[in-house]
Amino acid sequence: MTINLHAVRAIYFFELHRTWRTLFQSIAAPVISTSLYFIVFGSAIGSKMTLVDGVSYGAFIVPGLTLLSILTESTSNASFGIYLPRFTGTIYELLSAPVSVVEALLGYVGAAATKSVILGTIILITARLFVPYEVVHPIWAAIFLVMIALTFSLFGFILGVWADGFEKLQVVPLLIITPLTFLGGTFYSIKMLPEFWQHVTLFNPIVYLINGFRWTFYGKADVNVMVSFGMTLVFMTACVALIAWIFKTGYRLRN
């Protein structure tokens with residue numbers, strides 16, 4: 001299958017350009033809010049706490065806080081990117097153009113994932129100003145970062161198609177993704193929980209993402225890294241399959 005690179009490039013750079021027009025909202029605000037977490041939990045509270053799995057508390061929360069921003073921003077960027085054309089009616093130009101599902105995804109999802117990877121990189125650099133940390137497996141860290149950004153950008157794309165109002169674009173990130181991230185081991189090891197709640201926590205998919213990413217930093221995690229990698233692939237595959245169905249059926253795109 002031949003990819004229409006001109007179409008991909010047009011969608012990709014149009015979406016990416018929107019980031020620079022809203023630089024404070026897209027980049028500065030998440031970095032500032034995450035920096036406050038590092039100051040309060042990493043520097044202030046972390047200095048009073050014991051080590052967690054042999055790692056200082058400030059360093060322990062770096063992967064989780066980074067993912068907190070990446071998950072919410074990936075979902076929000078991708079959902080808004082596809083919802084806006086639906087809201088303004090320009091989605092019909094996309095549907096009538098010689099642009100395939102793959103090309104549309106490469107443009108919209110690629111741009112959203114790129115923004116998230118840039119944001120995650122800036123947050124990791126900023127974290128160095130507040131807490132010392134190391135990355136034991138930098139290549140795996142980059143792979144996990146890109147995979148998670150892509151996965152939740154795909155999820156955000158689905159959310160943007162499903163939503164029929166701007167309010168719904170914020171419901172899932174605020175009321176589902178953020179709480180699940182906080183309860184997924186961002187600020188603690190699930191081994192600290194009572195045995196019953198350890199088993200309950202394993203039903204939270206974010207646990208696998210955070211622990212897989214944390215393993216790339218310190219070589220330690222509450223969940224096997226291959227299980228984390230596999231869960232990420234499963235979620236990504238499910239999102240791709242659902243998006244393919246959306247374009248095939250025209251669900252909420254043609255009406």
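The values are calculated or read from the model by the stated rules, or taken from the named source; none is laboratory data. Because the structure is predicted, anything quoted here is derived from the model rather than measured. All Cβ positions, glycine included, derive from the backbone under ideal geometry; neighbour counts span all protein chains shown.
Please determine, by comparing only the residues of region 1-49 that are among the hydrophobic types (A, V, I, L, M, F, W, C), part of a loop (DSSP other than H, G, I, E, B) and modelled with pLDDT of 75 or more, which one is farthest from G107 (Cα to Cα).
The initial filter retains those residues of region 1-49 that are among the hydrophobic types (A, V, I, L, M, F, W, C), namely 1, 3, 5, 7-8, 10-11, 13-14, 16, 20, 23-24, 27-29, 31-32, 36, 38-41, 44-45, 49.
Keeping just the survivors that are part of a loop (DSSP other than H, G, I, E, B) gives 1, 3, 49.
So of that shortlist, the ones also modelled with pLDDT of 75 or more come out as 3, 49.
On the way: I3: 12, M49: 45 Å.
Checked region 1-49; the qualifying residue farthest from G107 (Cα to Cα) is M49.
Pull up region 157-174, narrow it to residues that are of a type in the set (G, A, S) and in contact with a Ser or Thr (Cβ under 9 Å, 6 or more places away or on another chain), then point me to the one that is surrounded by the most Cβ atoms within 10 Å (Cβ to Cβ).
G160
Let's see how each residue does on (1) modelled with pLDDT of 90 or more; (2) in a helix (DSSP H, G or I); (3) touching a Phe, Trp or Tyr at 6+ places or on another chain (Cβ under 7 Å):
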{"residue": "I82", "(1), (2), (3)": "no, yes, yes"}
{"residue": "F87", "(1), (2), (3)": "no, yes, no"}
{"residue": "L94", "(1), (2), (3)": "no, yes, no"}
{"residue": "P98", "(1), (2), (3)": "no, no, no"}
{"residue": "A104", "(1), (2), (3)": "no, yes, no"}
{"residue": "G110", "(1), (2), (3)": "yes, yes, yes"}
{"residue": "A113", "(1), (2), (3)": "yes, yes, no"}
{"residue": "V117", "(1), (2), (3)": "yes, yes, no"}
{"residue": "F130", "(1), (2), (3)": "no, no, yes"}
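Being crowded, with 18+ Cβ neighbours inside 10 Å, within 26 Å of G81 (Cβ to Cβ), of a type outside the set (S, T, Y) and in contact with a Gly (Cβ under 7 Å, 6 or more places away or on another chain): is that true of I177 here?
Criteria not met by I177.
Tell me which residues, restricted to region 215-255, are over 30 Å from S96 (Cα atoms) and either among the polar types (S, T, N, Q) or not in a helix (DSSP H, G or I) (or both).
Passing the criteria: T216, G219, K220, A221, D222, V223, N224, S228, T232.
Out of the residues in region 21-55 that are over 24 Å from the mean Cα position of the chain (by Cα) and touching a residue at least 24 places away in the same chain (Cβ under 8 Å), state the one that is surrounded by the fewest Cβ atoms within 10 Å (Cβ to Cβ). Reasoning before the result, please.
From region 21-55, those over 24 Å from the mean Cα position of the chain (by Cα) are 43-55; that's our starting set.
Now restrict to residues that are touching a residue at least 24 places away in the same chain (Cβ under 8 Å): 43, 46, 52-55.
Values: S43: 13, G46: 20, V52: 20, D53: 13, G54: 9, V55: 19.
Only one residue tops the list, namely G54.
Out of L202, L209, L193, which single residue is modelled with pLDDT under 95 and touching a helix residue (DSSP H, G or I) at 6+ places or on another chain (Cβ under 6 Å)?
L209
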